[in-house]
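For reference, the structure discussed in these notes is given below.
The values are calculated or read from the model by the stated rules, or taken from the named source; none is laboratory data. Note that the coordinates shown come from a computational prediction; the quantities given were computed from them, not determined experimentally. Here Cβ is always computed from backbone atoms with ideal geometry, including for glycine, and neighbour counts include all displayed protein chains. These accessible areas exclude ligands, DNA and RNA; they are computed on the full protein's heavy atoms, side chains included. Shrake-Rupley method; radii C 1.70, N 1.55, O 1.52, S 1.80 Å.
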Amino acid sequence: IYTIFKPNVDLSWVGKAVREAVKYAEAHPGIAIGVAPQAFIFGGGPEPTPQQLRAQIYLGLVNGARAFFPYAYAENYGTEAFSDVPGQPAGMSRNSARRHWWLPDSLMWDEIPRIASELRELRPVILADGGEVGEQIGETAIQWLARVVDGAGTLVAVNPRAETSALQLRLPGGTKSLEPLFASQEPALEGQRLELTMGAYEVGVYRFVP
């Protein structure tokens, strides 16, 4: 998915593209959808930030993707500008000391193992069929998934935009509290009504007992 063509791009399209692909997969048994998020400079745009990389992957998750593989071109471009992008810097992260378009040369590199560890923990949620719960209250830019697997609930919410967005949900009647995972912000829960205000490209992951 090539989607980051300016610094404050709206990543909502990532979720839409995954949803459309998942619908196709549902009509063709045996197909699973994976997300290859943009992890490199493309078309004269900026290098994706670690937050944008994370948001792309989690937008895939909440919309039904079951595989995730960030990649970047692994070619040595040296000091020459790319033929189709005059003036393009030679290395990742706008750092003249970086000489390759390799992920290890990027500020995104340290984020990748953190995301991989989280996805391993969320594997039952990613691979489950059905079990979706929760009711959205009002309109929001935030994309989310609340799913119950073997009696345990997990909520994942992603703000795909560069500005603050708010989400209100009504969770199952037995929900008493939410446990933030992976350094997610503390949620505001009144009864079964959840309110989240999320910053630019923020991801929130929570466990709850329905």
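For the list (1) part of a loop (DSSP other than H, G, I, E, B); (2) at pLDDT below 90, I need the number of the one condition that Glu163 fails.
(2)
Filter region 21-53 for residues that are among the acidic types (Asp, Glu) and either in contact with a strand residue (DSSP E or B) (Cβ under 9 Å, 6 or more places away or on another chain) or surrounded by fewer than 13 Cβ atoms within 10 Å (Cβ to Cβ) (or both) and give the result. Spell out the reasoning first.
The first filter runs over region 21-53 and keeps only residues among the acidic types (Asp, Glu), leaving 26, 47.
The one that is among the acidic types (Asp, Glu) and either in contact with a strand residue (DSSP E or B) (Cβ under 9 Å, 6 or more places away or on another chain) or surrounded by fewer than 13 Cβ atoms within 10 Å (Cβ to Cβ) (or both): Glu26.
May I ask you to say which residue of Gln192, Gln136 is without any contact (Cβ under 8 Å) to a residue 40 or more places away in the chain, touching a Ser or Thr at 6+ places or on another chain (Cβ under 6 Å) and over 22 Å from Asn8 (Cα atoms)?
Details: Gln136 fails: touching a Ser or Thr at 6+ places or on another chain (Cβ under 6 Å).
So the residue among Gln192, Gln136 that is without any contact (Cβ under 8 Å) to a residue 40 or more places away in the chain, touching a Ser or Thr at 6+ places or on another chain (Cβ under 6 Å) and over 22 Å from Asn8 (Cα atoms) is Gln192.
Starting from region 169-187, take each residue that is free of Cβ contacts under 8 Å to residues at least 12 places away in the same chain and list its partners that are open to solvent by 60 Å² or more (accessible area, probe 1.4 Å) and not aromatic (Phe, Trp, Tyr), counting only C-beta distances under 9 angstrom and pairs at least six apart or across chains.
none
Any chance region 119-127 includes a residue that's in a strand (DSSP E or B) and either open to solvent by less than 20 Å² (accessible area, probe 1.4 Å) or modelled with pLDDT under 95 (or both)?
Applying the first criterion (in a strand (DSSP E or B)) to region 119-127 yields none.
There is no residue in region 119-127 that is in a strand (DSSP E or B) and either open to solvent by less than 20 Å² (accessible area, probe 1.4 Å) or modelled with pLDDT under 95 (or both).
Taking the residues in region 1-20 that are assigned to a helix (DSSP H, G or I) and open to solvent by 70 Å² or more (accessible area, probe 1.4 Å) as candidates, determine which candidate is farthest from Ile57 (Cα to Cα).
In the first step, residues of region 1-20 are kept if they are assigned to a helix (DSSP H, G or I); the result is 12-20.
Then keep just the ones that are open to solvent by 70 Å² or more (accessible area, probe 1.4 Å); that gives 13, 16, 19-20.
Details: Trp13: 13, Lys16: 13, Arg19: 13, Glu20: 16 Å.
Checked region 1-20; the qualifying residue farthest from Ile57 (Cα to Cα) is Glu20.
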